[in-house]
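Asker: This is the structure I have questions about; it appears just below.
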Amino acid sequence: MSENIFQTNRSMRLATVLKSTTALHRFGGAAPLAMATLAMALGAANAQESDSTQAPTTVRSAPISVTATRSPMKAFDVPGLVTVKGAKEIADEIPASLDDLFDDIPGVTSFGGPRRTGEVPTIRGFSGPDVIVTLDGARQNFVSGHDGRAFIDPAFLGEAEVVRGSSSALYGSGGTGGIIALRTLTADDFLKDDQTIGGRVGLSYRSGNDEFAQRIVGAWRPSDMTDVTAGIVRRRSYDVRLGNDVKLDSEDDILSGFVRGEFRENESSGVRLGWNRFRNDAREPNNGQAAAGTLADKNIDSETISGGFFFNPPTNPVLDAEVTVYRTTSSVDEKNLTGTQANQLQERKLTTFGFNADNTSNFALADDIDLSLTVGLDFYTEDAEGALNGGVRGGVVTGDQQFYGIFAQSAFSFYDLLGLEGSELTVTPGFRYDNFDSADSAGNKTEDNQLSPKVSVRFAPTEWGFVYGSYAEAFRAPRLDELFPTGTHFPVFTATNAIVGFNTFITNTTLKPQSTDTWEGGLGVEFENVFGEGDVLQAKGGYYSIKGENFLTTQVTQTADTTNPQFFPAPILVPGFTCRAFVSITVDPNGCGGTTQIVNVASAELDGFELETSYDSSRIRVTLAGSTMDTKNKATGDPIGVEQPDQLTADLRLKLPEIDSFIGWQATVADKHDGGTVTANDRKSYQVHEVYGRWRAEEGVLSGFSIGVTAENLFDEEYQRVSSETLEEGRSVLVDVSYRLAW
């Protein structure tokens with residue numbers, strides 16, 4: 001939604017980000033190193049700006065968050081941890097997958113290994129359906145056991161906003177971890193005010209997986225009221241070289257395209273339309289997250305169609321409305337190339353149809369009190385299909401779910417409190433009510449509802465600093481594959497490859513929604529013109545504490561004698577069993593294989609600290625991002641979810657505007673991880689370094705040309721992320737060449 005003229009400069013008086021140094025001791029030796037790096041960088045910047053040959057100052061625009069509050073707000077001022085990356089920042093990173101956008105955001109990462117199809121984003125230990133992913137407002141709800149989470153080419157992204165923490169009060173089911181909101185490119189990302197048409201072509205090569213990519217994106221603005229963008233990308237990649245120099249079987253052949261248009265009647269009303277398609281013909285193990293296994297041909301297809309309108313007349317402060325309708329279809333069809341299921345077609349498909357509408361009204365209750373009220377409704381339905389050669393596919397349910405939600409949020413802003421000129425106190429209470437029902441093709445049904453309240457408080461006594469706190473409840477409804485799974489999970493073999501039983505799925509219609517109560521607090525500071533004209537120093541950090549109930553988890557009961565019932569890369573010896581051998585896949589709950597069922601964990605605790613700091617000037621940019629995380633199943637004491645190790649990321653960039661370039665270094669330091677009683681989940685500490693450089697000609701005969709070079713995992717670190725079965729990619733050099741033309 002665009003910002004209403006009624007929103008005065010009051011909202012721009014507030015400060016920015018935070019940092020609590022008392023929590024940095026949890027980083028051990030990394031914290032002093034990080035702070036020393038920042039101090040040296042600031043000193044260098046100060047010396048540079050003091051020189052008689054000052055670097056030219058730059059004009060900066062603060063990132064704007066829309067997702068966190070459903071109304072435009074400076075991302076730094078949001079009472080919570082939010083990161084927004086714009087079109088230029090995304091392009092500078094030259095991302096090959098969504099995972100490349102998360103590596104410097106505290107509390108956010110991907111797991112599942114280095115294969116593109118296996119990557120799953122995680123926020124504060126939550127993953128899969130516990131993290132909402134949207135593209136131009138359309139939910140991307142596809143979730144599978146081992147085949148990824150969202151299929152979107154990052155070359156088409158004009159913005160990525162990551163909201164960490166409880167978000168169900170505005171967005172409903174899945175908001176326990178947070179939201180990843182993606183926006184495709186618009187004409188404003190390409191064209192200046194006086195330009196009507198432009199485009200960009202690019203070629204890139206990545207050595208870690210021998211990936212070649214070609215892309216072309218164009219924008220057209222035939223009038224002030226119309227703009228259209230479109231693009232196409234082709235990627236071919238092969239085996240991934242890991243940090244131990246082992247090659248991981250992988251092959252991708254990707255073709256993606258998008259079209260987006262906005263047609264305005266005037267500056268305050270119009271229609272938006274969008275289409276995005278991702279198609280990948282992949283060859284990799286049936287389990288895309290496994291280190292090895294039976295190779296399969298996979299056909300991955302995802303399409304999103306969205307449309308809507310907005311209406312926000314500048315003379316009417318009570319109207320700032322937006323409506324979006326969308327349809328997302330994602331599918332993974334695969335055929336094993338060898339083994340007992342060779343050439344059998346395994347299908348999984350999810351179609352999501354949704355509608356959401358909201359309106360924000362602004363009122364001046366007094367000279368020093370404002371009220372902003374947002375109300376809305378949300379509806380979406382999911383139709384899921386699963387099949388194995390046209391029959392039942394174990395654990396993949398055919399059925400549908402429907403979600404209905406209404407929400408309201410008010411923000412009371414009080415100015416110049418306690419005689420402090422320029423101070424502001426904002427209190428934001430809100431709630432959402434959701435009703436949802438689920439049914440499978442066999443006629444099994446469940447229905448439930450949830451109320452998700454939230455309140456946040458933000459107090460800025462000065463223009464350069466603020467504190468905030470919040471309490472929120474969030475939930476995630478059980479999925480069809482958790483409520484109604486049937487069929488075979490995996491077979492159990494003897495040492496002679498004879499099948500003696502099958503571990504089978506069993507339904508659980510008594511599942512409760514996974515729910516959390518979250519307390520969060522933090523502070524932020526922002527200073528301008530610190531060491532030179534136009535520079536900005538920001539720091540923002542916060543602590544969160546989460547109490548969880550009814551966490552949804554997989555319970556595997558194994559009646560055969562095996563130490564790892566979930567994976568069977570080699571035949572398993574089952575002594576002393578007289579179970580009959582099956583010659584075909586047969587569901588037999590009484591056999592030697594045992595059962596798999598989704599159950600609720602009664603109680604869990606999660607807490608952590610996140611920190612983002614940055615210093616940006618015309619000559620240098622330094623950023624530090626850190627996070628700690630501790631999760632616990634209160635019944636067993638073991639970690640729960642996808643707990644991440646304590647981690648710190650530092651990025652130092654030297655800007656060279658005289659030659660239209662910059663060079664930089666990024667380092668990520670992660671502590672070791674204790675997997676609890678499951679020692680297979682233990683992870684060693686690691687350090688990953690990256691160097692990069694970009695040249696983008698702004699003037700002269702080469703204007704429009706750009707070259708980027710990045711060396712990732714510079715020292716070929718052999719490391720493995722939590723909840724990933726494989727090591728990560730080893731050293732990889734990325735070279736990108738592009739050309740932009742606009743007139």
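Asker: Across the Cα atoms of the range 185-235, what radius of gyration and what greatest pairwise Cα-Cα distance (Dmax) are found, in Å?
Answerer: 13.9, 44
Asker: Among 309-317, 246-254, 324-332, how do they line up from the highest to the lowest mean number of other beta-carbon atoms within 10 Å? Each step should come with its number before you reach the end.
Answerer: On the way: 309-317: 16.1, 246-254: 17.9, 324-332: 20.4.
Taking the mean over residues of other Cβ atoms within 10 Å, the ranking is 324-332, 246-254, 309-317.
Asker: Expressed in nm to one decimal, what extension gain is obtained for the pair L365 and K634 from 0.36 nm per residue of sequence separation less their Cα-Cα distance?
Answerer: Numbers: separation 269, 0.36 × 269 = 96.84 nm, distance 4.69 nm.
Value of the extension gain: 92.2 nm.
Asker: Next up: Name the long-range amide H neighbours of E159: under 5 Å, sequence gap of 5 or more, or other chain; modelled H, no Pro or chain starts.
Answerer: Correct list: R183.
Asker: Related question: Show me 682-692, 163-173 ranked by packing, highest mean number of other Cβ atoms within 10 Å first. Could the numbers behind the result be given before it?
Answerer: Details: 682-692: 16.5, 163-173: 27.4.
The densest-packed peptide leads the list: 163-173, 682-692.
Asker: To test your reading of the geometry: what angle, between 0 and 90 degrees and rounded to tens, separates the Cα axis of helix 30-50 from the longest principal axis of the chain?
Answerer: Taking Cα atoms only, the helix is inclined about 30 degrees.
Asker: According to the Cα gyration tensor, what semi-axes, each the square root of 5 times an eigenvalue, does the equivalent ellipsoid of the range 615-685 have, listed from largest to smallest in whole Å? Kindly include the intermediate steps, with their values, before the conclusion.
Answerer: Details: eigenvalues 305, 25, 9 Å².
Calculated on Cα positions only, the semi-axes equal 39, 11, 7 Å.
Asker: If I take all pairs of Cα atoms in the range 9-742, what percentage of them are more than 43 Å from each other?
Answerer: Details: 67400 of 269011 pairs.
Above the 43 Å cut-off, the range 9-742 has 25 percent of its Cα pairs.
Asker: With a Cα-only, solvent-free Debye model of the range 255-385, what are the log10 I(q)/I(0) values at q = 0.12, 0.15 Å⁻¹?
Answerer: For the range 255-385 at q = 0.12, 0.15 Å⁻¹, log10 I(q)/I(0) is -0.68, -0.84.
Asker: Could I ask something else about it? Evaluate 2.2 N^0.38 Å with N set to the residue count of the range 385-441, then give the Cα radius of gyration divided by it. Provide the component values of the computation, followed by the final result.
Answerer: Values: Rg = 24.1 Å, N = 57, 2.2 N^0.38 = 10.2 Å.
Here the Cα radius of gyration is 2.36 times the empirical estimate.
Asker: Under 17 Å from a point placed 7 Å out from the Cα of V201 along the Cα-to-Cβ direction: which residues of the range 224-245 have their backbone N that close?
Answerer: In the range 224-245, the label zone of V201 (backbone N under 17 Å from the point 7 Å along Cα→Cβ) covers 230-235.
Asker: Still on this structure, please answer the following. Would you mind giving the three semi-axes, in whole Å and largest first, of the ellipsoid equivalent to the range 65-180 according to its Cα gyration tensor? All intermediate terms of the calculation are to be shown ahead of the outcome.
Answerer: Numbers: eigenvalues 83, 62, 30 Å².
In descending order, the three semi-axes are 20, 18, 12 Å.
Asker: How high is the FRET efficiency between A442 and F414 when r is their beta carbon distance and R₀ equals 60 Å, given to the nearest 0.05? Walk me through the numbers before you get to the answer.
Answerer: Numbers: r = 56 Å, r/R0 = 0.94.
Efficiency, rounded to the nearest 0.05: 0.60.
Asker: Which length gain, in nm to one decimal place, applies between V457 and E698 when the Cα-Cα distance is subtracted from 0.36 nm times their residue separation? Intermediate values should be presented prior to the final figure.
Answerer: On the way: separation 241, 0.36 × 241 = 86.76 nm, distance 4.41 nm.
So the extension gain works out to 82.4 nm.
Asker: What is the antiparallel percent of DSSP beta bridges lying wholly in the chain, to the nearest 5? Provide the component values of the computation, followed by the final result.
Answerer: Values: 311 of 319 bridges.
Counting DSSP beta bridges with both partners in the chain, the antiparallel share is about 95 percent.
Asker: Just to be sure I understand: if I project the alpha-carbon convex hull of the range 380-538 onto a plane and average over all orientations, what area do I get in nm²?
Answerer: 17.5
Asker: Among the listed pairs K88/K192; K454/K540; K454/K547; K74/K655; K298/K349, which are separated by more than 18 Å between their Cα atoms?
Answerer: Numbers: K88/K192 14 Å; K454/K540 21 Å; K454/K547 15 Å; K74/K655 25 Å; K298/K349 13 Å.
Beyond 18 Å between Cα atoms: K454/K540; K74/K655.
Asker: Just rank S661, S302, S438, fewest to most, by other beta-carbon atoms within 10 angstrom.
Answerer: On the way: S661 15, S302 23, S438 26.
Fewest-to-most Cβ neighbours within 10 Å comes out as S661, S302, S438.
Asker: To the nearest 20 debye, what is the magnitude of the charge dipole of the range 614-743 about its Cα centre, counting +1 on the Cβ of each Lys and Arg and -1 on the Cβ of each Asp and Glu?
Answerer: Numbers: 14 positive and 22 negative charges, 66 e Å.
About 320 debye.
Asker: I'd like the GluC sites (Glu not before Pro) in the range 472-551 restricted to DSSP loop residues with at most 16 other Cβ atoms within 10 Å, sorted by number. All intermediate terms of the calculation are to be shown ahead of the outcome.
Answerer: Details: sites: E473, E482, E520, E526, E528, E533, E549; in loops: E533.
Passing sites in the range 472-551 are E533.
Asker: Between I506 and I216, what's the calculated FRET efficiency when r is the beta-carbon distance and R0 is 60 Å? Round to 0.05. Intermediate values should be presented prior to the final figure.
Answerer: Numbers: r = 50 Å, r/R0 = 0.84.
Efficiency, from the Cβ-Cβ distance: 0.75.
Asker: Between K247 and Q402, what is the spin-label point distance in nm, taking each point 7 Å from the Cα along the Cα→C-beta axis?
Answerer: About 5.2 nm separates the two model spin labels.
Every read-out reported here was derived from the displayed coordinates using simple, explicitly stated rules and does not represent laboratory data. No experiment lies behind these values; they were computed from the predicted model shown. FYI the Cβ positions are ideal-geometry reconstructions off the backbone, even for glycines, and counts take in every protein chain you see.
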